[in-house]
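> Below you will find the structure I want to go over with you.
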Amino acid sequence: MNDHATDTERTFAALPPAQGRGFARTWWGHAWLKALEDTALDGQQVRTGRRLARAGAVGAVSVRPGRITAVVQDPDGTAHRADVLLERLSEDQWARFLDLAVERSGHLAALLDRDLPPHLVEDAAAFGIELLPGIGDLEPECDCDAWDHCGHTAALCHLVARLLDQDPFVLLLMRGRDERALFGELRARDAAADAAEPDG
């Protein structure tokens, strides 16, 4: 059964320290980090998070619709559970996004190639579908009791930027669709569109 309410969690093993490299190479990875920087009220916490992530302090990352989670270790070895919440797209927004992707062949080809081209994100935004987070969209929760982004949630966000570089479907899972469900719905819509076209 491939209902998008089930089987939609992915876990990524802890990444090695990121000495000497940035945390985002793709444009969508940069957009993710910009959302963190624009949301966090304390820039020092963002820098602390970058240092923690660079040092390899972030454990395995769990990604599921609406939430990412990891255990982050302070330099003294204290472990904290950090979560960052991102609002899921509604069923109506997903339907519009899938229709848009199928209507424009370049969008469908890009998704099948695991790419997230700017024009797809821009077209989606024009239809009221925000794929990438904006200011205030990355909501932190941490057991260190910080009320805003702390070094732990910032470290998690920096590590997720690396995951997004490798696989933009991590973002789509956060927004509410796992890869198999998304591809299944895209193929079903594409086949229906082909069947609806008159011959000749």
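> Do we find a residue being over 18 Å from the mean Cα position of the chain (by Cα), surrounded by fewer than 20 Cβ atoms within 10 Å (Cβ to Cβ) and within 25 Å of residue 175 (Cβ to Cβ) anywhere in the range 54-66?
no
> Continuing with this model, one more query. Restricting attention to the range 2-44, which residues are modelled with pLDDT under 90, within 18 Å of residue 149 (Cβ to Cβ), open to solvent by less than 40 Å² (accessible area, probe 1.4 Å) and of a type in the set (A, V, I, L, M)?
24
> Consider residue 124 against the criteria (1) without any contact (Cβ under 8 Å) to a residue 60 or more places away in the chain; (2) surrounded by fewer than 17 Cβ atoms within 10 Å (Cβ to Cβ): it satisfies all of them except one. Which criterion is unmet?
(2)
So that you can scan it fast, the table gives a plain yes or no per residue for (1) farther than 29 Å from residue 188 by Cβ; (2) touching a His at 6+ places or on another chain (Cβ under 8 Å); (3) buried (at least 18 other Cβ atoms within 10 Å of the Cβ):
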{"position": "84", "(1), (2), (3)": "yes, no, yes"}
{"position": "96", "(1), (2), (3)": "no, no, no"}
{"position": "99", "(1), (2), (3)": "no, no, no"}
{"position": "113", "(1), (2), (3)": "no, no, no"}
{"position": "120", "(1), (2), (3)": "no, yes, yes"}
{"position": "137", "(1), (2), (3)": "yes, no, no"}
{"position": "170", "(1), (2), (3)": "no, no, yes"}
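> Follow-up. Can you tell me which condition residue 103 does not meet? The list is (1) under 29 Å from residue 58 (Cα atoms); (2) out of contact with any Asp or Glu (no Cβ under 7 Å at 6 or more places or on another chain), and all the others hold.
(1)
> Test residue 177 against the stated conditions and say whether it is touching a His at 6+ places or on another chain (Cβ under 7 Å), under 20 Å from residue 32 (Cβ atoms) and among the charged types (D, E, K, R).
Numbers: touching a His at 6+ places or on another chain (Cβ under 7 Å): yes; under 20 Å from residue 32 (Cβ atoms): yes; among the charged types (D, E, K, R): yes.
Answer is yes for this residue.
> May I pose another question? Could you list, in sequence order, all residues of the range 108-121 that are assigned to a loop (DSSP other than H, G, I, E, B) and free of Cβ contacts under 8 Å to residues at least 40 places away in the same chain?
Here is the first cut: in the range 108-121, the residues assigned to a loop (DSSP other than H, G, I, E, B) are 113-117.
Across the range 108-121, the qualifying residues are 113, 117.
This table checks each residue for (1) among the aromatic types (Phe, Trp, Tyr); (2) over 10 Å from the mean Cα position of the chain (by Cα); (3) in a helix (DSSP H, G or I).
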{"site": "141", "(1), (2), (3)": "no, yes, no"}
{"site": "149", "(1), (2), (3)": "no, yes, no"}
{"site": "152", "(1), (2), (3)": "no, yes, yes"}
{"site": "156", "(1), (2), (3)": "no, yes, yes"}
{"site": "161", "(1), (2), (3)": "no, no, yes"}
{"site": "170", "(1), (2), (3)": "no, no, yes"}
{"site": "180", "(1), (2), (3)": "no, yes, yes"}
{"site": "186", "(1), (2), (3)": "no, yes, yes"}
{"site": "194", "(1), (2), (3)": "no, yes, yes"}
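> Please state which one of 164, 159, 138 is closer than 24 Å to residue 101 by Cβ, touching a helix residue (DSSP H, G or I) at 6+ places or on another chain (Cβ under 6 Å), touching a residue at least 40 places away in the same chain (Cβ under 8 Å) and of a type outside the set (D, E, K, R).
It is 164.
> Further, regarding this structure: Check whether at least one residue in the range 88-107 is part of a loop (DSSP other than H, G, I, E, B), modelled with pLDDT of 95 or more and in contact with a strand residue (DSSP E or B) (Cβ under 9 Å, 6 or more places away or on another chain), and report yes or no.
The answer is no, given that none of the residues of the range 88-107 is part of a loop (DSSP other than H, G, I, E, B), modelled with pLDDT of 95 or more and in contact with a strand residue (DSSP E or B) (Cβ under 9 Å, 6 or more places away or on another chain).
The values are calculated or read from the model by the stated rules, or taken from the named source; none is laboratory data. None of these values were measured; they are calculated from a predicted model. FYI the Cβ positions are ideal-geometry reconstructions off the backbone, even for glycines, and counts take in every protein chain you see. Protein only, heavy atoms only, side chains kept; ligands, DNA and RNA dropped before computing areas. Shrake-Rupley method; radii C 1.70, N 1.55, O 1.52, S 1.80 Å.
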